[in-house]
């Protein structure tokens with residue numbers, strides 16, 4: 001279960017500011033961020049507000065990406081910009 005509360009309508013429209021594709025919301029005790037695996041970057045969430053500024057994105061090392069991928073696999077990730085349609 002995710003602890004960070006973000007309205008579904010917002011999550012459905014939220015995309016990466018650079019490539020305009022979906023992001024992973026990582027919500028784990030040790031990490032709260034939006035993650036773009038295509039660009040190998042993450043965006044912080046500060047005081048409950050996503051900081052989706054290209055210049056503020058953090059480039060990730062392969063080890064950090066593996067850690068975030070493991071959190072997703074453990075159920076601590078939710079994909080943004082997803083439609084309810086099949």
Provide the gained length on full extension for the span residue 59 to residue 18, in nm with one decimal, where the gain is 0.36 nm per separating residue minus the Cα-Cα distance. 13.4 nm
Value of relative contact order over the chain, rounded to a whole percent, pairs C-alpha under 8 Å and six or more apart: 35
Rounded to the nearest 0.05, what FRET efficiency is calculated for residue 70 and residue 9 with R0 set to 41 Å and r the Cβ-Cβ distance? 0.90
Percent of alpha carbon pairs in the chain separated by more than 17 Å? 43
Calculated from DSSP H runs of 4 or more alone, at -39500 (n - 2.57) each and per residue, what is the 222 nm mean residue ellipticity of the chain, nearest 500? -5000 deg cm²/dmol
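The numbers here are math on the coordinates, done by the rules we state, and not lab data. Just so it is clear, the model here is predicted, and its values are computed rather than measured. Note that each Cβ is placed from the backbone with ideal geometry, even for glycine, and that neighbours are counted across all protein chains shown.
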